[in-house]
Structure formats: structure tokens, C-alpha cells
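These notes are about the structure you will find just below.
Each reported figure results from applying straightforward, stated rules to the coordinates on display, with no laboratory input. Note that the coordinates shown come from a computational prediction; the quantities given were computed from them, not determined experimentally. We place every Cβ from the backbone using ideal geometry, glycine too, and count neighbours over all the protein chains shown.
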Amino acid sequence: MAEVSEGVLVEEILAGNKDAYRILVERYKNVVFNLAYRMTGSPEDALDISQETFIRAYQSLSRFRVGEKFFTWLYTICINVSKNFLRQKSRRLRLQGAVYEETIGRDISGPGAEECLLKCEEASQLQGMLLEVPEHYRAAVLLRYKDGLSYEEISHVLGITVSGAKMRVKRGLDKLRSLKQEKGATEP
Amino acid sequence: MKPEDERILKMLDRDVVGEAEAAGEGAGELARLHEIVTELRGLETLEAPLGFTERVMASLPQRRSLWARFKDFLMRPHVIKLNLAWEAGLVAALLAVGIQGYGLHPHRVVAIAERSFAPVVHARFIVKAPKAREVTLAGDFNNWRRDQYRLTRAEADGVWTVTVPLHPGRYKYMFVVDGQKWQTDPLAESYEHDGFGNENAVVEIPSPEQA
């Protein structure tokens, strides 16, 4: 069955069909949850941020312009909610030193377990380093390489120029590279 | 954006690290960046938790007409607060021009400023409402806005909760059931008449040292 277009769904919702929103939530819940998780490093925080993102999107749906891509609009809201959340959270606790347990609840026994453990460890290290990258660079790097957005789309989501988007991606990568070198130098 | 950076990003996008290495053009840096890009692309995509969609759908507010919202605005009690803590310069300027003449006394301004620097306490509000479709919390801490704090329902027992960051102090509050019915907390610490025949619940938030 062909996917219902987002423009049609938005019109339906604005006309009072609240259930049509369920289709949009189902369609984008994983990408939004992942972006929030990669921005915060915490599944619990990601859950709250994702929920808030969808509620805010629903509340401001009348401002969504026909012809705009729904997912870039949703990403913009998610990034803003994440930034606000992190600002509030940074007053309460320091992110550095927090434990990131990505392997919890995953079955890592059986064939290939060692490889899986190694991959999990790498992913966990990378997630830890991502949290040390300044928010605006972190968001740009994730949108580019984790979510595969074009520089035009990133500039739209972050409200900056295409050149600015490229600069943020490059600086984010540079920061990750230097963090990786530091960690490599300190590891026994 | 330096041309060199632009060139590196293009090479990373085209996945031509091998060519660059062969040509010896900043191969070491490019290889390290390429490794990071590969790791980022390989980050696992997690599934949103079970029941996520239902949770979002249950939290969506009712769409209300402009007229209904305007009527709400007129009916709602409003508290006007002055918070000048982060504009110390402005406070000083106001004091300098003799603000007493306008009835705002200096000691009052200082009290408000101090309060905004007070520690935040996370207060949990709980109410049992098994038949409710939506419960929100409104109080003088948020100008009685009923769409700001939405309670989450525990699946089994019809208990709704929300955690709200508050400065230590004394607050009046009410629960709003299904967007319409203002309900006094039956388990409140104390109550206070609102002047319209109803009672507001009252909570005292102690400072973290007292808690």
C-alpha cells in the first residue's frame, strides 16, 4: 500500500482527525528517539525528549508549511528540545563521568560474542566522546553521518547557512578526532 | 569554511580515502577522520520503547478554538511576577532613578532576586483518577496555566504523577481533569479558599537542606 503523504496527513490532523497523527508518530518515533539518545546519552532522557518533541510538533502543526519536509521540521524541534533539556540538566549534574551502558539488556553470548562485545565497547566509547563535543557541533555531525542528511537539510534544521553547516560538521569531526587521540594516548 | 576543509568533507563523502592515501595528500588525518565517520555511520539504531506511540497520543492536548482559549485566558487568575535577578544592571538603574516613587520598594526587588537563585527542589505531585483521560497540574508557580504540566498515568492503578522543579516556598495548586474539571488534591498538606467558593491545595516546598 502506498504511504500516505505527510501533507495530506497534516491537513487531516488540522481538520480534527487526531488519529492521523499516530501515523506520523509511528513513522518517525525511532529517528527522533535515536537523535535524542545520541544527544543526551541517556535512554530515559531520550524518552522524555522524544515525547516532548511530538507533543510540541502537534501543538504547532498549524505553523508547518506545505511543501516543507516534515522530518526536517521535526528534527528542528527535537534539537531545540534536546538543547533546552541539556541546558537545564547541566545545572544539576556534570555529563562527564557519567556511565553509558549500551550493552545492558542485550544478549551477547554465543558465536560472535567477542566481536559483539568489541563493537559495543567501541560504540559506547564513541557515544561518550560525542557527549564531550559541544552541542551545536554534535548535532551537525549526527545529522550528517548518523542520519544521512544533506548539508542543505542540516542548514534548514539548524537554521544556519550551508557553509555554516559544513563548518560545524568539520569542527565536530576534528573534536572527535582529538578526543580519540587523547583517549588513545592515555589508555594503557 | 577553508577550501582545505571543504575538500576533506568531499573526500569523506565520496569515500575516496584510498585514493588520497595513494596520492599522499594529508593521508593520516583523512584516514583518522574516515575511521570516525565509519563508526558514526555504524552506530546502532535503537527502537523507541514499547508503547511510545500510545504514550504520545495519550498526552496530546485537545485542539481548542481561538475563542475558547481567549475565554480561558479571561477566566484564569493571573499573577504578575517581577523577576529581575539576571538583569542586575537594570535593577540598579531602576533603583538609581528612584523607583520608590512608583511603589516598588527596594527590599522587595532584592527578595525576588534572591529567590530566583534559590535551589530547585523536584516535587512530585500524585493523584488517583482511574477514569480520567488526561490530568494536568496548574498553580501559582506557573500562572495557573493548565497546559504546561501533564501528568503521566501508571498503567495499572489509575494513579497519575508529574515531577515539577520548584524553588522552596509555599504554592497553591489544582489538578485539571480532562481539560475541564478543576479538582482539589484530596491529599494536600493544607487548603486555602480561592475567593470563588473553591479551595486550592497548598504545598510547602522545603529547601534541600531542610528536606
(request) Report the calculated FRET efficiency for B:E47 and A:I160 (r = Cβ-Cβ distance, R0 = 35 Å), to the nearest 0.05. (result) 0.70
(message) Which of rounded, prolate or oblate describes segment B:120-205 when judged by the alpha-carbon gyration tensor and an a/c cut-off of 1.5?
(response) oblate
(request) Rank the residues B:T163, B:T184 as a footprinting-exposure proxy: fewest other Cβ atoms within 10 Å of their Cβ go first. (result) B:T163, B:T184
(request) Mind scanning A:K180/B:K2; A:K83/A:K183; A:K166/B:K10; A:K170/B:K10; A:K83/B:K172 and naming the pairs with a C-alpha gap bigger than 20 Å? (result) A:K180/B:K2; A:K83/A:K183; A:K83/B:K172
(message) Please compute the contact order of segment A:121-170 in relative form: average sequence separation of alpha-carbon pairs under 8 Å and at least six residues apart, divided by the residue count, as a percent.
(response) 32 percent
(message) If the reach is capped at under 18 angstrom between alpha carbons, list the lysines near A:K18, excluding any in the same chain fewer than eight residues apart.
(response) A:K29
(message) Can you compute the FRET efficiency between A:V66 and B:T184 using 1/(1 + (r/R0)^6), with r the Cβ-Cβ distance and R0 = 56 Å? Round to the nearest 0.05.
(response) 0.80
